[in-house]
Structure formats: C-alpha cells, structure tokens
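Participant: Dropping the structure in here first, questions after.
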Amino acid sequence: MPFQVKILFASDIHGSEYVFRKALNAAKMYKVNYLIFGGDIFSKDFVPVIDKGSSKFVEGKEVQISQLEESSKVSGKTPLLMREEEFQEAIKNKKYMTSLIVRELEGQASRWVKVFHEKMNGSNIETLWNLGNDDPLELDEYLSGLGIEIAEGKVRELGDLKVVSSGYVNPTPFGTYRELPDSTLFLRLDSMFKEVSEGPSSLTPTRLQLTPS
C-alpha cells in the first residue's frame, strides 16, 4: 500500500499576508507532511502613493500610509511609495515601473520569509515554494538568496508521490511575467514529465479554502 501523505496546497495568495499566515497555521493545525505554495504568492495589485515628505497622497488626496499598509495585509493591494518624479517616469516607462514593483516585492518577500521561519521553526513540515505567472522572475533569485529553494522546473519526491513544478502559463491578455506559447509550454512540461516514472500512487485530496474574511 502506498505511503499515506497529507499535503496542504496553497496558491493565488496574491500578497495577502493574512492568507499566507493562515496557510502556515493550517499546515501545523492539520499536521500535514508537506506544504506547497503553488504560485502567485506575492502582490499583483498596487496603489501608487506619492511621497511628499511628511505627507503622502493617492490621486491628489492625502492618506495615512500606515492605514494603507495595514489594509494591504488582508487585501494584498500594496501601496507603492514613490516620489513625484518617480511616478512620472513610471507612467512613461513600463520597465521602470516594473523595477519599482520588484523592489517593493523583495521587501514583501523578506518579511514573509521571516514570518515563515518564525511560524515553522521546529516543525517537521517540508515546504515547497513555486512562483506563478503573476510573480516577477526576479523573485526566484531573490528568494534563493534568502535560503528558499524554488521548485520551478524540478521534480520533487513527496513520500511515494512525485510533483512536477512549473509556474508558467500560456499567453494571457494581461502580459504577465511567466508566459510561453502553447507549443513551448507543452515541450517544457513534457520533458519534465519524462523524469517521472510510471507507478501506482494514491492521494485523496481535501479542499481547504483560505480567504480573507
């Protein structure tokens, strides 16, 4: 009989620290063997906030940055603090805007990795991290620098199961970070599945929805 393995799979967190923490707590509560972050982990929606020293503005209206940051922990809609000249450059230059987003997400990743280690310290739960099409490519290397192994393109063994990991998708109308033509995506996945030998496996999934309430 196959080894009985319990997995918690969490994806599409999209920057909600509330849901990220829920996933960590649920993994311990349900005593899973493996926790998988399956992609689209970090924020994809941003609120441009103009920094004018002691005052901050969104669309000309003064705001409290601390309130926006607290709200973003639930919604995942992250304030993107920038000077007026940075904002004007970002409007004209998509590449520059992306660099500001990556800078913000690197800070988010640092905070979350710290939370991850604090929450999971002493547990026997193995965690697999994989980013998704809404996560910038730069985050793979950044997370690796923080000691997080990214599963992209790898075949991992979970008990007597094997998991193929890829965060790439076929083209979308949104021009996200990880998109490939159907033919390229097929060849990429096909080569990975060839590493998985055929054999019996048994897995009875239980769906657990983790959403901001």
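The values are calculated or read from the model by the stated rules, or taken from the named source; none is laboratory data. Everything numeric in this text was worked out from a predicted model, so none of it was measured. Note: ideal-geometry Cβ built from the backbone for every residue, glycine included; neighbour counts use all protein chains shown. The area values use the complete protein model at the heavy-atom level, side chains included, leaving out ligands, DNA and RNA. Shrake-Rupley method; radii C 1.70, N 1.55, O 1.52, S 1.80 Å.
Quick grid of which residues meet (1) on the phi < 0 side of the Ramachandran plot; (2) modelled with pLDDT of 95 or more; (3) not in a loop (DSSP other than H, G, I, E, B):
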| site | (1), (2), (3) |
| --- | --- |
| 111 | yes, yes, yes |
| 123 | yes, no, no |
| 134 | yes, yes, no |
| 140 | yes, yes, yes |
| 143 | yes, yes, yes |
| 184 | yes, no, yes |
| 187 | yes, no, yes |
| 198 | yes, no, no |
| 201 | yes, no, no |
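Participant: Continuing with this model, one more query. On the basis of being more than 18 Å from the chain's Cα centre (by Cα) and of a type in the set (Val, Ile, Thr), does residue 65 make the cut?
Facilitator: On the way: more than 18 Å from the chain's Cα centre (by Cα): yes; of a type in the set (Val, Ile, Thr): yes.
Judged against the criteria, residue 65 is a match.
Participant: Can you tell me which residue among 105, 100 is in contact with a helix residue (DSSP H, G or I) (Cβ under 8 Å, 6 or more places away or on another chain), buried (at least 18 other Cβ atoms within 10 Å of the Cβ) and within 17 Å of residue 41 (Cβ to Cβ)? Write out each step before concluding.
Facilitator: Details: 100 fails: within 17 Å of residue 41 (Cβ to Cβ).
Of 105, 100, the one residue that is in contact with a helix residue (DSSP H, G or I) (Cβ under 8 Å, 6 or more places away or on another chain), buried (at least 18 other Cβ atoms within 10 Å of the Cβ) and within 17 Å of residue 41 (Cβ to Cβ) is 105.
Conditions tested, residue by residue: (1) touching an Asp or Glu at 6+ places or on another chain (Cβ under 7 Å); (2) free of Cβ contacts under 8 Å to residues at least 24 places away in the same chain.
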{"position": "34", "(1), (2)": "yes, no"}
{"position": "37", "(1), (2)": "no, no"}
{"position": "47", "(1), (2)": "no, no"}
{"position": "67", "(1), (2)": "no, yes"}
{"position": "75", "(1), (2)": "no, no"}
{"position": "82", "(1), (2)": "yes, no"}
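Participant: Hey, among 50, 7, 36, 65, which residue is closer than 21 Å to residue 133 by Cα and surrounded by 12 or more Cβ atoms within 10 Å (Cβ to Cβ)? It would help to see each step written out before you state the result.
Facilitator: On the way: 50 fails: closer than 21 Å to residue 133 by Cα; 7 fails: closer than 21 Å to residue 133 by Cα; 65 fails: closer than 21 Å to residue 133 by Cα.
None of the other options fit; the residue is 36.
Participant: Consider the stretch 70-92. How many of its residues are within 25 Å of the chain's Cα centre (by Cα) and assigned to a loop (DSSP other than H, G, I, E, B)?
Facilitator: Number of matching residues: 2.
Participant: Just to be sure before I move on: is residue 43 at pLDDT 95 or above, touching a His at 6+ places or on another chain (Cβ under 7 Å) and surrounded by 14 or more Cβ atoms within 10 Å (Cβ to Cβ) in the structure I sent? Spell out how you get there, then give the answer.
Facilitator: Numbers: at pLDDT 95 or above: yes; touching a His at 6+ places or on another chain (Cβ under 7 Å): yes; surrounded by 14 or more Cβ atoms within 10 Å (Cβ to Cβ): yes.
Here the answer is yes, as residue 43 does meet what is asked.
Participant: Now for a separate question. Sort out which residues of the stretch 161-181 are touching a residue at least 24 places away in the same chain (Cβ under 8 Å), open to solvent by less than 60 Å² (accessible area, probe 1.4 Å), assigned to a loop (DSSP other than H, G, I, E, B) and not polar (S, T, N, Q), and write them in order of number.
Facilitator: Within the stretch 161-181, the subset touching a residue at least 24 places away in the same chain (Cβ under 8 Å) is 161-169, 172, 176-179.
Still in the running and open to solvent by less than 60 Å² (accessible area, probe 1.4 Å): 161, 163-169, 172, 176, 178-179.
Now drop any that are not assigned to a loop (DSSP other than H, G, I, E, B), which leaves 165-168, 172, 176, 178.
Within the stretch 161-181, 167, 168, 178 meet the criteria.
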